[in-house]
Each structure stands twice: as structure tokens, then as C-alpha cells.
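Here is the structure we will look at.
The values are calculated or read from the model by the stated rules, or taken from the named source; none is laboratory data. Since we're looking at a predicted model, the values are computed, not measured. Cβ atoms come from the backbone with ideal geometry, glycine included; neighbour counts cover every protein chain shown.
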Amino acid sequence: MDPVNRVSQATLIASDSPEPLWVQAAELIERQVREGVLPAGRRLPAERELCTQMGISRVTLRRALQHLVEQGVLRSSHGRGWYVASRPDRDWPNSLESFTETARRKALVATSRVIRAEVREASLDEADQFGVAAGTKLFVLERVRMLDGLAIGVDASRVVLNLAPGLPDTDFAVASLLEELAAAGAEPVVAQSVIESMGCPEEISGHLDLVPGDPVLVMHQSMVDAVGRVVLVSTITYRGDRYRLRTSFTRGGGSSV
């Protein structure tokens, strides 16, 4: 039997149970996800089929499905249906760590698909960001970042080429940009980051298997080395269901009101 149909074949919804029908439906689907019957990324059967097999109304089903979305078990895609959410590769550290280092620490395999790798001249805005003259050569790298084969985000990075002249000859399908910079004597030690939530831009939605407008988290970063040079500027667009930033805040001493 195709695993996608198992949730609809189950007949565990008891109308005489004191537990609400939508709760029973949600628990049934969640259990099949937890047991691996419905794997990450799998599309659920059509709502009509689920309603028929479970013996519940569409209103009841949708309440159960929406609850599972809120719990991070499922995700909805407008016009495409309901999908089992991938377990986000979350808990990224507060310390400055490359994507490759994070994956290694979490026993995951980091790979990349290179979209673009080229050398071009810095624009006026980019020159201001890096503190260099307009027209300075930049190495521009755009990649789809993946963990265990799942697309996590699209990373668009820029580096002043003379900091690491060997970058254009590097295979960034497997190499770490931060590690290459460190080897060239331009290791980033501090990153300033701004994170915002937005709808996925159309031009990268296909790389992330999203519909334009689906929720994404966008991180804008500027990294400097030990002598204060801006060595890397990047914009990373993460799938909203596969990324979570964990941080901490410390309350300083002082009076409170």
C-alpha cells in the first residue's frame, strides 16, 4: 500500500469518544508522521478523500490540519494542498559558525548547488558596504544550501576578490566559503545580522520548492575580520519551515521602572 494513503485508510475516529473529532483526526495524522508512515515532504491525500475515509466533515478536518500546521507537523501550500513539514534544522548557534560547521556538529551532510559564481565590479552601494572603491573586483557566489539533500535556503554572497584570489577556482558544491576565507587569512570573526520575514521572491521560489509568496526568513549579514575589514556580505533566504534562529538576551544591571 502506498504510504500516502495509509492515513486515509485508518479508521480510528470514534464518534462516541469524549475527545473532539478534530483532536482525534489530528492525533491520527501526527502519529503517522511520527512513525514515519508519512515522511517529510509527503503530500497528504485530497481533503475529500481524507474526510470520506475518516468519516468527518471538511470543517472538522481543516481544524485538525490547521492545528498540525501551528504545531509544525504540517505545512500548507496555497492551491497545492497539505504537506508533512520537514523537521527544521534549527537551533543554530549564537557563535559565528559556517553552514558546513553547523551541519558537521549536528551530524548532517551539507552540500550546495551552485547557481552562480562569477567575478564582477562592485557597484557604488557595494563599494560603500565593503569600504572599497567602486569598480573593485568582487567574487559573487549564489548557492542553494542543502542538509541531507533537503533545500534549506538560497545564499547570495559577495567577497572582495583580492582578499582570497583563489575563490573562483574553488568547488563550492562542497567547499565552505568561510573556511576558504580563513585559509586565505581573512577569517570572519564578527557578523552583524538583520533578519526579516517576508514572502518568497519569485526568482528563487523554484530553488526552494516554494510558491512565490510562501513564508521565508531572510538574513542579511556583514562579516568583518580581526582587523576590521568587511570580508563578506551575504543575503540568505531560508524556508520558513526549515530554519529557526535561537538566541539569548541578558538583562543589564540598572534600575527598572
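From the list ILE204, ILE195, the lone residue that is in contact with a Leu (Cβ under 7 Å, 6 or more places away or on another chain), of a type in the set (Val, Ile, Thr) and modelled with pLDDT of 90 or more is ILE195. Residues that are closer than 29 Å to ASN162 by Cβ and at pLDDT below 95 within segment 208-220 comprise just one, MET219. For segment 65-105, the set of residues classified as among the charged types (D, E, K, R), assigned to a helix (DSSP H, G or I) and at pLDDT below 75 consists of GLU101, ARG104, ARG105, listed by residue number. The set of residues in segment 169-196 that are without any contact (Cβ under 8 Å) to a residue 60 or more places away in the chain and assigned to a strand (DSSP E or B) comprises GLN192, SER193, VAL194, ILE195, GLU196. Scanning segment 145-166 for residues that are out of contact with any Asp or Glu (no Cβ under 8 Å at 6 or more places or on another chain) and surrounded by 21 or more Cβ atoms within 10 Å (Cβ to Cβ), we see that the one that is nearest to ALA103 (Cα to Cα) is GLY153. With the condition kept exactly as written, say whether any residue in segment 135-150 is part of a loop (DSSP other than H, G, I, E, B) and within 15 Å of the chain's Cα centre (by Cα). There is at least one residue in segment 135-150 that is part of a loop (DSSP other than H, G, I, E, B) and within 15 Å of the chain's Cα centre (by Cα). Residues in segment 34-63 that are modelled with pLDDT under 90, within 15 Å of SER76 (Cα to Cα) and either part of a helix (DSSP H, G or I) or small (Gly, Ala, Ser) (or both): ALA40, GLY41. Within segment 121-166, being aliphatic (A, V, I, L, M), modelled with pLDDT of 95 or more and within 29 Å of ARG239 (Cα to Cα) holds for ALA122, LEU138, VAL140, LEU141, VAL144, VAL154, ALA156, VAL159, VAL160. For segment 151-179, a residue qualifies if it is over 23 Å from the mean Cα position of the chain (by Cα) and among the acidic types (Asp, Glu), and exactly one does: ASP169.
The set of residues in segment 40-51 being touching a residue at least 12 places away in the same chain (Cβ under 8 Å) and either more than 14 Å from TRP22 (Cα to Cα) or among the aliphatic types (A, V, I, L, M) (or both) consists of ALA40, GLY41, ARG42, ARG43, LEU44, PRO45, ALA46, GLU49, LEU50. Among the residues of segment 200-219, those identified as part of a strand (DSSP E or B) and either crowded, with 16+ Cβ neighbours inside 10 Å or touching an Asp or Glu at 6+ places or on another chain (Cβ under 7 Å) (or both) are VAL216, LEU217, VAL218, MET219.
Going through (1) at pLDDT below 90; (2) in a helix (DSSP H, G or I); (3) among the β-branched types (Val, Ile, Thr) one by one, THR250 falls short only on (2).
Total residues in segment 132-151 satisfying the condition of being out of contact with any helix residue (DSSP H, G or I) (no Cβ under 8 Å at 6 or more places or on another chain) and in contact (Cβ under 8 Å) with a residue 60 or more places away in the chain: the figure is 1. The set of residues from segment 157-168 being farther than 21 Å from LEU245 by Cα and touching a residue at least 60 places away in the same chain (Cβ under 8 Å) comprises ARG158, VAL159, VAL160, LEU163.
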